[in-house]
Amino acid sequence: MILSQTYSAILIKSIGFLFIVLFVYAAVSKLLDFETFTVQLAQSPLLSAYAGFIAWTVPGIEILIACLLILERFRTVALYASFTLMVMFTAYILIILNFSDFIPCSCGGVLEKLSWTQHLIFNIVFLFLAALAILWAYPPALKKKLLLLSLIAVMGTGMVTLFFVISEEMMHFNNAFQRRYMPHALERIGEFDLQSTSKYIVGMDSESIYLGNYNAPLYLEEVNLLQKSIKKYRVSVTDTNLPYRRVRISVYPPHFYVGDGTVPILYRGNIDERKAYPYYSQTYFTHFTIVDSSNFGLVALNGNTHNTALVVVNMDGQFPMVANNDSILKKQIDGIFDSEGSLHWNDSHQNFIYVYRYRNSFEVIDKKLNHLYSSKTIDTISQAILDLAYYPKSQQYVLGSKSVVVNKLSATYGDYLFIESDRLGKFDDEDSVEVSTIIDVYNIKDHSYSFSFFMHHEDGEELKSFAAFENRLIAIIGENLKIYKLKPEYFNSGPN
């Protein structure tokens, strides 16, 4: 490489000018739309955990390098810095394209119009220009420069790779309420108009979805997915004169179950016959979930300890086999409201999952009520924040409206636990919750946070009930039953 010093100076100044334009433009674009840039970084598979820090650092470094390129005294140092930055940008794109679970949005400005592959080519061109300017600069020392550039390339790539590994570990296992939204995680494949907002999902199989009605507790609806039809019918129980207050239905084909809890009776009947008979009558309960045709779980109150207890009942023998455990759900304030939540059965893992309503955790329990482990959600509220009023005469607590709900509705299937939350995390857009419901997804196999996704709806509508089965997610939003396909590239929806 033999060029006159004049030509070398012109070429170096020209390349320096290109980098000045590039870095100033890129930095200004980021700063002018700083909020969007920060949100995009928060969704990056490599930089999520450092989004707040990098959002300020990268534009700052770009402006600093541009200033140093103007000054001839620091131009060589600035060219090395430019090369280092372009190495890191290029390594970032290579990791995104080859090792990321999804491809996030590109950066802003004109460069946003480029695809990731075009962006990679663009970066490589500027990487080559930076190396060329350094090699042409005085003094020659070609071998030393090549060795230094190689070392910079290895270190820059290694640093980005390290960011990727640490960021992923923090996002999935040590998350401090920062969501990563998976774009297009759902595909809507069906919808039914229910003409009511009082319906809730009570069961499903591969062909049908079964719905209950809060306002008409003994009416059952069957939505046939193959025929795309809705069949409505009334069911009955043998004892109608008892003081029921909150009747709920659950369906585990071919049976349906009717329970209230304030009356300690669980009824079971055949769906085709539509009449239910007393099945179990020993325990008052607040919630029940069906395991299979002869096993079910209950959430009850231990009268001696006044703690919320989990109960498992096996009906295989002549008499019910009942196991209960009041030490699994941890008491924080009163042992009742603070332990309120939802009990689910995960058939793939043969485990119960209890999701607390007012704190950022859930419990995983086996079929025999052995506590397997506790796990946290990405929310930061570990101590329930309750608005409680105590009435000495009745010796009861009453829950007020200022209590903070952490986990609203939840469902489980396969390796996943789905939790609805309307609390905003870091970098979440407040306007998005007006027309969307946030669902956080947890992997119960490796005890990690996986990602989040939006379920979009009309302004003013609300998610009433949802459930997951096989590769489908079914939701009642407003007056509509919506059926979504869980994208296989994001979900392993089959059995464990």
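Things worth noting here:
- Highlighted here are the helices (runs of 4 or more DSSP H) found entirely within the stretch 1-104 that include at least 1 residues which are hydroxyl-bearing (Ser, Thr, Tyr) and over 30 Å from residue 490 (Cα atoms): 5-32, 51-70, 75-99.
- Within the stretch 452-469, the set of residues being within 10 Å of the chain's Cα centre (by Cα) and either aliphatic (A, V, I, L, M) or open to solvent by 10 Å² or more (accessible area, probe 1.4 Å) (or both) comprises 454 only.
- Checking residue 438 against (1) free of Cβ contacts under 8 Å to residues at least 40 places away in the same chain; (2) hydrophobic (A, V, I, L, M, F, W, C); (3) surrounded by 15 or more Cβ atoms within 10 Å (Cβ to Cβ), the condition it does not meet: (1)
- Residue selected from the stretch 164-192 under the condition assigned to a helix (DSSP H, G or I) and of a type outside the set (D, E, K, R), by the criterion surrounded by the most Cβ atoms within 10 Å (Cβ to Cβ): 171
- Failed condition for residue 289, given (1) out of contact with any Gly (no Cβ under 6 Å at 6 or more places or on another chain); (2) open to solvent by less than 50 Å² (accessible area, probe 1.4 Å); (3) not in a loop (DSSP other than H, G, I, E, B): (1)
- Taken as a whole, the structure leaves residue 161 outside the set of residues that are in a loop (DSSP other than H, G, I, E, B) and either farther than 30 Å from residue 52 by Cβ or at pLDDT 90 or above (or both).
- Scope the stretch 397-421; condition open to solvent by 70 Å² or more (accessible area, probe 1.4 Å) and among the small types (Gly, Ala, Ser); matching residues: 401
- Looking across the stretch 292-315, the residues that are within 16 Å of residue 371 (Cβ to Cβ) and either open to solvent by 40 Å² or more (accessible area, probe 1.4 Å) or outside any loop (DSSP other than H, G, I, E, B) (or both) come down to 297, 299, 308, 309, 310, 311, 312.
- Residues in the stretch 253-286 that are acidic (Asp, Glu) and out of contact with any Leu (no Cβ under 9 Å at 6 or more places or on another chain) were compared, and the one that is surrounded by the most Cβ atoms within 10 Å (Cβ to Cβ) is 273.
- Criterion: in a helix (DSSP H, G or I) and at pLDDT 95 or above - qualifying residue of 132, 151: 151
- Listed here are the strands (runs of 3 or more DSSP E) enclosed by the stretch 193-267 that have at least 1 residues being within 27 Å of residue 299 (Cα to Cα) and among the acidic types (Asp, Glu): 219-224.
- Which numbered condition residue 424 fails, given (1) among the hydrophobic types (A, V, I, L, M, F, W, C); (2) open to solvent by 60 Å² or more (accessible area, probe 1.4 Å); (3) more than 21 Å from residue 170 (Cβ to Cβ); (4) modelled with pLDDT of 90 or more: (3)
The values are calculated or read from the model by the stated rules, or taken from the named source; none is laboratory data. Please read these numbers as outputs of a predicted model, since none were measured by experiment. Neighbour counts run over all protein chains shown; Cβ positions are idealised from the backbone, glycine included. Please note that ligands, DNA and RNA were not included when accessible areas were found on the heavy atoms of the full protein model with its side chains. Shrake-Rupley method; radii C 1.70, N 1.55, O 1.52, S 1.80 Å.
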